[in-house]
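Participant: Dropping the structure in here first, questions after.
The values are calculated or read from the model by the stated rules, or taken from the named source; none is laboratory data. Not measured: the values here are computed from a predicted model. FYI the Cβ positions are ideal-geometry reconstructions off the backbone, even for glycines, and counts take in every protein chain you see.
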Amino acid sequence: MSGSAEGFRFRLHQKDLPGKPDIVLKKYKTVVMINGCFWHGHEGCRYFVIPKTRTEWWTEKIGKTQANDRKHLEELVRLGWKVLVVWECELKGDQLLPTLEKLVEDIERR
């Protein structure tokens, strides 16, 4: 799927790139990964709390996700892509507009 918003042409979930990035801005050689705070283990975030049941299983599962995230980030950088990570908590409530404004600035600056 592709589209254009705020003048940016983009593709969604490009399967031929490591980690299938959520948003791909080919012109800027930039990808945006949008991470769920729980599933990707956003340290210090109120949305990331390991469940009290099956704690070891959840810790291992989230640890594997974090390892995959690091591997995909390294592969993308090695291929010459710039990677921006946006966390779920940055898209909630009054955080949304400042996060989007910063994201646009980061893309344009690159």
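Participant: Please determine, by comparing only the residues of the stretch 84-98 that are under 16 Å from His40 (Cβ atoms) and surrounded by fewer than 17 Cβ atoms within 10 Å (Cβ to Cβ), which one is farthest from the chain's Cα centre (by Cα). Write out each step before concluding.
Facilitator: Taking the stretch 84-98 first, the residues under 16 Å from His40 (Cβ atoms) are 84-92.
Subset that is surrounded by fewer than 17 Cβ atoms within 10 Å (Cβ to Cβ): 85, 91-92.
Values: Val85: 4, Leu91: 12, Lys92: 15 Å.
Filtering the stretch 84-98 for residues that are under 16 Å from His40 (Cβ atoms) and surrounded by fewer than 17 Cβ atoms within 10 Å (Cβ to Cβ), the one farthest from the chain's Cα centre (by Cα) comes out as Lys92.
Participant: Of the residues that make up the stretch 84-96, is at least one in contact (Cβ under 8 Å) with a residue 40 or more places away in the chain and among the β-branched types (Val, Ile, Thr)? Break it down stepwise before answering.
Facilitator: Initial filter on the stretch 84-96 (in contact (Cβ under 8 Å) with a residue 40 or more places away in the chain): 84-89, 91.
Keeping just the survivors that are among the β-branched types (Val, Ile, Thr) gives 85-86.
Yes; the residues of the stretch 84-96 include at least one that is in contact (Cβ under 8 Å) with a residue 40 or more places away in the chain and among the β-branched types (Val, Ile, Thr).
Participant: A follow-up question, please. Mind listing just one residue for me: the one in the stretch 1-52 that is of a type in the set (Phe, Trp, Tyr) and under 20 Å from Asp69 (Cα atoms) and, of those, modelled with the lowest pLDDT?
Facilitator: Here is the first cut: in the stretch 1-52, the residues of a type in the set (Phe, Trp, Tyr) are 8, 10, 28, 38-39, 47-48.
Imposing the further condition that a residue be under 20 Å from Asp69 (Cα atoms) reduces the set to 38-39, 47-48.
On the way: Phe38: 96, Trp39: 96, Tyr47: 91, Phe48: 95.
Among those residues, the one meeting the criterion is Tyr47.
Participant: Starting from the stretch 12-27, take each residue that is without any contact (Cβ under 8 Å) to a residue 24 or more places away in the chain and list its partners that are basic (Lys, Arg) and in a loop (DSSP other than H, G, I, E, B), counting only C-beta distances under 7 angstrom and pairs at least six apart or across chains.
Facilitator: His13/Lys20; Gln14/Lys20
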